[in-house]
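Below: one structure, written as structure tokens.
The values are calculated or read from the model by the stated rules, or taken from the named source; none is laboratory data. As the structure is a computational prediction, the values presented were derived from the model and not from experiment. With ideal geometry, Cβ positions are generated from the backbone for all residues, glycine too; neighbour counts draw on all protein chains shown.
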Amino acid sequence: MASQSLFTITQRKESKKRKGQSLSVLDLPSESDPLVAADSAASIVCVASNTHVSIAIDGLNGSNFAELQFAWKIMAIKKEATSTACYKDTIAIGHESGSITLYLNINKYVENDSQPTETVLNWHVSPVTTLQFSSSGIHTFLGCC
């Protein structure tokens with residue numbers, strides 16, 4: 001399978017040294033039909049495919065991906081992913097069974113291998129095909145069927 005990339009254009013903070021926009025390229029892990037989600041405010045990207053999630057978190061604690069200081073970390077999941085969303089240090093994965101698995105404390109997992117807190121929500125009998133967090137992160141919106 002050919003390599004895939006995610007391109008982002010970000011507005012740089014005004015400074016004496018740098019102005020304008022920055023183009024960043026994240027080479028995605030080689031997957032079959034990867035599901036990509038990002039929270040630009042928290043500088044996190046997650047790519048779910050099959051039974052694992054590749055996670056990239058900004059290495060400068062909140063600067064932005066334009067600085068290109070991040071690395072992929074792969075996390076195994078128990079069920080195959082059908083959708084994904086991320087907000088701050090939480091990743092939501094939808095499944096064929098209609099359940100949603102929330103992984104909390106992702107930052108600690110990436111930084112020092114602490115296992116994330118896992119919570120399973122059983123809401124639907126149909127596959128969860130789309131997920132999205134509200135802008136506040138309090139609500140999760142999902143689609144199925």
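Data for the structure
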| read-out | value |
| --- | --- |
| Selection count, region 106-135, where residues are farther than 13 Å from Met75 by Cα, within 16 Å of the chain's Cα centre (by Cα) and outside any strand (DSSP E or B) | 2 |
| Tally, over region 104-127, of residues that are under 25 Å from Ser43 (Cα atoms) and not charged (D, E, K, R) | 13 |
| Any hit, region 16-29, residues being at pLDDT 60 or above and either assigned to a loop (DSSP other than H, G, I, E, B) or of a type in the set (Lys, Arg) (or both) | no |
| Residues of region 67-100 classified as in a strand (DSSP E or B) and either of a type in the set (D, E, K, R) or touching a Lys or Arg at 6+ places or on another chain (Cβ under 7 Å) (or both), total | 2 |
| Residue, modelled with the lowest pLDDT, within region 44-68, restricted to residues that are surrounded by 14 or more Cβ atoms within 10 Å (Cβ to Cβ), closer than 18 Å to Asn112 by Cα and of a type outside the set (Val, Ile, Thr) | Gly59 |
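Rundown of residues vs (1) touching an Asp or Glu at 6+ places or on another chain (Cβ under 8 Å); (2) on the phi > 0 side of the Ramachandran plot; (3) exposed (fewer than 14 other Cβ atoms within 10 Å of the Cβ), yes/no style:
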{"position": "Ser97", "(1), (2), (3)": "no, no, no"}
{"position": "Leu102", "(1), (2), (3)": "yes, no, no"}
{"position": "Val125", "(1), (2), (3)": "no, no, yes"}
{"position": "Thr140", "(1), (2), (3)": "no, no, no"}
